[in-house]
Every structure is written in structure tokens, then in C-alpha cells.
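**Student:** Following this message is one structure expressed as C-alpha cells.
FYI, it's all coordinate maths here, none of it is from the lab. These figures come from a predicted structure and were not determined experimentally. Because the Cβ atoms are built from the backbone with ideal geometry, glycine has one as well, and the counts that use them run over all protein chains shown.
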Amino acid sequence: MADTQALQNPLRDEQRLPRVPDPGVMVIFGASGDLTSRKLVPALYELASQRRLPLEMAVVGISRTEMSHEEFRQKLRETLEEHVSGGVSDDVWDSFAGGIFYLPGDSKEPETYEELKGFLKKLDAERGTLGNRAFYLSASPSLFPTIVGRLGEAGMNEGEDGGWSRLVVEKPFGRDLESARELNDEIRRHFDEAQIYRIDHYLGKETVQNILALRFANGIFEPIWNQHYVDHVQITVAEDIGVGTRGAFYEEAGALRDIVQNHVMQVLCLTAMEPPVAFDAESLREEKVKVLKAVRPIPEDGVEEYAVRGQYTSGWVWGEEVAGYREEENVGPDSVTETYLALRLFVDNWRWAGVPFFLRAGKRMPKKATEVAIQFHSSPHTPFARDDTEGLEPNVLVVRVQPDEGLSLKIGAKVPGAGFEVSSVNMDLLYGTAFLEEAPDAYQRLLLDLMLGDPTLFIRADEAEGAWRILDPVMRRWAEEKKVEFYPAGAWGPREADELLGRDGREWRRP
Ligand code: BG6
């Protein structure tokens, strides 16, 4: 069962060379879903067009809808244009599409797996896919344990003829700590940890990875990245969109399960972790887990001091009037599901003792903005007249994850003219102008790493559980009190979220 390619990570020393994986098949469960046509196939197509995939690579879609191989290809082709940059080349598509196949089947039934197994063997013989398989779980999460069990029973938890077998698990990974543990146990009954790729697309984003580059490729930031110099940290994942057609999913998930447990917690880990000894899967993930372990547990009877649950009502976004969450399709008229969540966390370790981390994620905010802001202590003493420093704010280093990817540092500077007025100005770096290459979509990076057997940017079992452990008391309390604070669409969250910081004498930034 061991995936030795992943364990030894033989490519570590060769990372500067373009890496092309061995031939293999990616099997997608839930292939008629949105993720396949919006993200997975466009990412694979882009990789194929950059010749980052072997020509023998194959994709097999499985779901219950009856479709022929050709109909499946056609369906993917129709929407591809919308999801790739720079248009679709017919030549690249024809060659790529020749490796796309479809099997209609019920993922609960053992026969589906027997058929799949035979089909994959046929592909090995006809296309040269070498017995290598990656199984991508993009079906409904309630089916994950069944699919994993059936793959194991059919012996597909091992590659054919010495090939490898890997399993990709989409989020949400469980609903809480207990269900995440059960899912981990079930998966590990059939697959080794080295074969499991729990995916969080935020880790595939260039600018999220750049948090590590900023911290560990520069000598000047790390010495001040601690409680001696940092006053507090703010992590924001704001979106201007509402829940759209995903009301039914959102009613089940809410912002906590949809975005905070995974994306926001990952950004927190990268911001707060200690330097890893090497940039490899075990070293990096070990340090992330330590951050999660150090987060001060939230007491169930004092949740309001640490978390605020918000929901948008009708309002205006970008000059357009939009409906409230409760009026969205498939949402209950008295739903208390959160579309916004603010957290105040403490990472109780030597580096961060006493530094609050304020985290927020929300839909229907004024704009899309994901950023990490490190606010430093004010200078201990300014020799200038009080009137001259009214426009002076503390130094803030902002990593803009999206959009306008880049960095800015707020510094105090002299205002031109007589006297000595000082004010805050921003030093700005825009990645778009510093590097001419366009950043690839997160899924491109992650699917390539998957095929290469590099799990560095995927989530380890204890990370998923560690993030749930922090949030479990909040979920339990909310389930009991059934209460939510409202904010009008187009606002930066409910008033209570401002009070969460106000109590500590801080304010949310306006990205
Ligand atoms: C997804 C969530 O994981 O991330 C969505 O399910 C959210 O609700 C999306 O809109 C945000 O991703 P990105 O890449 O647009 O920041």
C-alpha cells in the first residue's frame, strides 16, 4: 500500500526543473458536478497545454447520469472556454480529450468498482497508464466512506502492477471533530496516510504560498514576527458574492464549515508557524499542527468573547440591490446559518503570547478581499509635536492574497513642507508588475503535485482534526442558542464583530 514516491519525495532536489509526472489515470467520483467542469478539467487542460502532463494521462469520470464518453467530453468542452485563461486550442483539446472517459455508475454498488477496475486495466494496456491511479472524491461528502470502502474491497487501494494508488478528498472533511475522526479512521482502514491527499485549494494559491516566502526567504521579517513587535494580526477572507444557487449546501455548512475550518485556519497556520526545517510534507505539516495545538481552547460558556456569528440581510453591493440570505433559494425563512464569522484567537506559545489573532470570513461584504495584516506596536516615543502626528498610524504589513496580489507596508513619513508633520503612507508591491508570468490557478498546482506524489500542500489527518478541535465548542454553543447577528449586504459584518475587537481596543481594517 505504501506510496514510496510520496514518502521519499525524490523530486525535492529537482524542484527547479519542470516536473512531469509518470503516466496515470485520474478517476473523478461525482464527475457530473460543478467542480469537474469548473475547476478540475480546466486545470488539467491548462497543464496539458503547458506540456506538464504526460500524453498517456487519462481522466475517467464516474457518476449516475447516463452519458457516453463523447457526450461527457462534449459537456466539458462547452464550458471550458469560460474557465481557462487565453482560450482553448482545438489541437490541445483534441489530444487531451482523447484521454477523457466516462463510466455511468452508482458509487454505492460493488459492480461499479468491478467495472471500473476492468476499465482501468484496459487503459493501462491501451494508453500505457502504468497501473497508476488517483481517485478524486468530488461526490457528496456523505458518500466518502462508502466510496473509500468499496475501493478498498475491490483492491484499488493499491496500484496495478507496481503502480501507485492515491486518494484525493475534497472539503468539507467531516462536520465536526467527531465525524472528521470517523472519516479519517475509515479512510485509513484502506489507505495509508502517504496515499491520502486532503485538498484545500487555498494552499494551491501562489500568494498563500508566498506567506512562507515572505517569512522564510527574507532576513528582515522573522526577527520582528513575534509578540515583542506585533500588536495583533487580522486575517480576512471577504467575498462580495452571496450564496447564489448553493443555498441548500450553505444551510448545512455555513461559513464556519465552508471557509473557516479549512481556508482561514490554513492561512492562520502559515502566518503563525515556526520555520520548518525543510520545505517538505512532514516538516511543513508538523509546524502547522503545532500552531493548531497552541490555539487557546474557546470555552463553551464564553463563546461570545471569542466568536461572532453573522448573516446578511438585503442591501446594496456594487450599486446593485441584493436579497438577504433568508430570501435566497433553498434557505429557510428563519435560518440562523452564518454567512459571516469573526473569531478572536490566541496562539499560546512563546512567540505569540498575548497577541490576538482576529479572523473573519463573510459573504456579501463590500468587496472580495483576502489578506493577512500584521499590525506592529506603535513607536515607543515620537519626538514630534502632538498636532504633527495626527495622521500617523502604527506600521502594518499586509499580504494581499487576492485580488491585487501583493504586499504593502504602512510607514510614517514626513509630509512635504515647513514644520515636521508626519503621516502614514503605503509602500506597495504588486506581484503582477514584479513578475510577468501569470499565476496558475490553485487547482493546477495541486493536481500536478498530486500526480507527482508530493503531498506538501495537502492537509494531514491531524491538521483537519486540529482545526475542528478549535471550532467544536463554537458550533456546539451556536447549535444550542440558535441566534445570529445581522448585517446588511454590502457592510463589513455585524456591529458585534466590531465590539469583539473594540473590547481589546482594536479596530477591523477596511481592505
Ligand atoms: C470555496 C467555498 O471553498 O471557496 C466558497 O466553498 C467560496 O463558498 C470559495 O466562495 C472562495 O474561494 P476563492 O478561491 O474564490 O477565494
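**Student:** Contour minus end-to-end for Asn426 and Phe216, with contour as 0.36 nm per residue of separation and end-to-end as the Cα-Cα distance?
**Tutor:** Full extension from Asn426 to Phe216 adds 73.3 nm.
**Student:** Using modelled backbone amide H atoms (1.01 Å from N, in-plane), which distant-in-sequence or interchain residues come within less than 5 Å of Ser165's amide H?
**Tutor:** It is Arg133, Gly159, by chain and number.
**Student:** Which loop-located chymotrypsin sites (Phe, Trp or Tyr not before Pro) does the range 366-472 contain, where loop means any DSSP state but H, G, I, E or B and the Cβ has at most 11 other Cβ atoms within 10 Å? If you can, show how the numbers build up before the last one.
**Tutor:** Numbers: sites: Phe376, Phe384, Phe420, Tyr431, Phe435, Tyr443, Phe458, Trp468; in loops: Phe384, Phe420, Phe435, Phe458.
Loop-located and lightly packed - Phe435.
**Student:** Taking 30 Å as R0, compute the FRET efficiency from the Cβ-Cβ separation of Glu109 and Ser89 and round it to 0.05. List each step's numbers first, then the result.
**Tutor:** Details: r = 38 Å, r/R0 = 1.28.
For Glu109 and Ser89, the calculated efficiency is 0.20.
**Student:** If you take the square roots of the eigenvalues of the alpha-carbon gyration tensor of the range 357-511 and sort them as a ≥ b ≥ c, do you get rounded (a/c under 1.5), prolate (a/b over b/c) or oblate? List each step's numbers first, then the result.
**Tutor:** Details: a/c = 2.30, a/b = 1.33, b/c = 1.73.
Judged from the Cα gyration tensor, the range 357-511 comes out oblate (a/c at least 1.5, b/c at or above a/b).
**Student:** Do any GluC sites (Glu not before Pro) in the range 439-511 lie in a loop, going by DSSP, with at most 12 other beta-carbon atoms within 10 Å of their beta carbon, and if so which?
**Tutor:** Numbers: sites: Glu463, Glu465, Glu480, Glu481, Glu485, Glu496, Glu499, Glu507; in loops: Glu507.
Counting only loop positions with at most 12 other Cβ atoms within 10 Å, the GluC sites (Glu not before Pro) in the range 439-511 are Glu507.
**Student:** Contour minus end-to-end for Arg188 and Glu252, with contour as 0.36 nm per residue of separation and end-to-end as the Cα-Cα distance? Display every interim value, and only then the final one.
**Tutor:** Values: separation 64, 0.36 × 64 = 23.04 nm, distance 2.59 nm.
Gain in length upon complete extension: 20.5 nm.
**Student:** Next question. Which whole-number value in Å³ per residue fits the convex hull of the alpha carbons of the chain? Before the final figure, lay out the partial values.
**Tutor:** Values: hull volume 84.8 nm³, N = 511.
Given the Cα convex hull of the chain, per-residue volume reads 166 Å³.
**Student:** Please give, to one decimal in nm, the separation of the simple spin-label points placed at Glu390 and Glu481, each 7 Å out from Cα toward the Cβ.
**Tutor:** Result: 4.0 nm between the two label points.
**Student:** Quick one: angle between helix 206-216 and the longest Cα principal axis of the chain, in degrees between 0 and 90, rounded to 10, please.
**Tutor:** 60 degrees
**Student:** Exceeding 22 Å between C-alpha atoms, which entries from my cross-link table qualify? They are Lys288/Lys367; Lys171/Lys288; Lys39/Lys75; Lys367/Lys483. Could you put the intermediate results ahead of the total?
**Tutor:** Working: Lys288/Lys367 29 Å; Lys171/Lys288 18 Å; Lys39/Lys75 14 Å; Lys367/Lys483 26 Å.
Over 22 Å apart, Cα to Cα: Lys288/Lys367; Lys367/Lys483.
**Student:** Counting other Cβ atoms within 10 Å, keep those with at most 13, restrict to DSSP loop, and tell me which trypsin sites (Lys or Arg not before Pro) in the range 100-151 are left.
**Tutor:** Working: sites: Lys108, Lys117, Lys121, Lys122, Arg127, Arg133, Arg150; in loops: Lys108.
Those that pass, being in a loop and sparsely packed, are Lys108.
**Student:** Roughly speaking, what is the stretch gain from Glu82 to Arg510, that is 0.36 nm per residue apart minus the C-alpha to C-alpha distance, in nm to one decimal?
**Tutor:** Details: separation 428, 0.36 × 428 = 154.08 nm, distance 3.13 nm.
The Glu82-Arg510 span can extend by a further 150.9 nm.
**Student:** Taking K and R as +1 and D and E as -1, what net charge do the other residues with C-beta under 9 Å from the C-beta of Arg477 add up to?
**Tutor:** Working: positive: Arg476; negative: Glu300, Asp301, Glu304, Glu480, Glu481.
My count for the surroundings of Arg477 gives -4.
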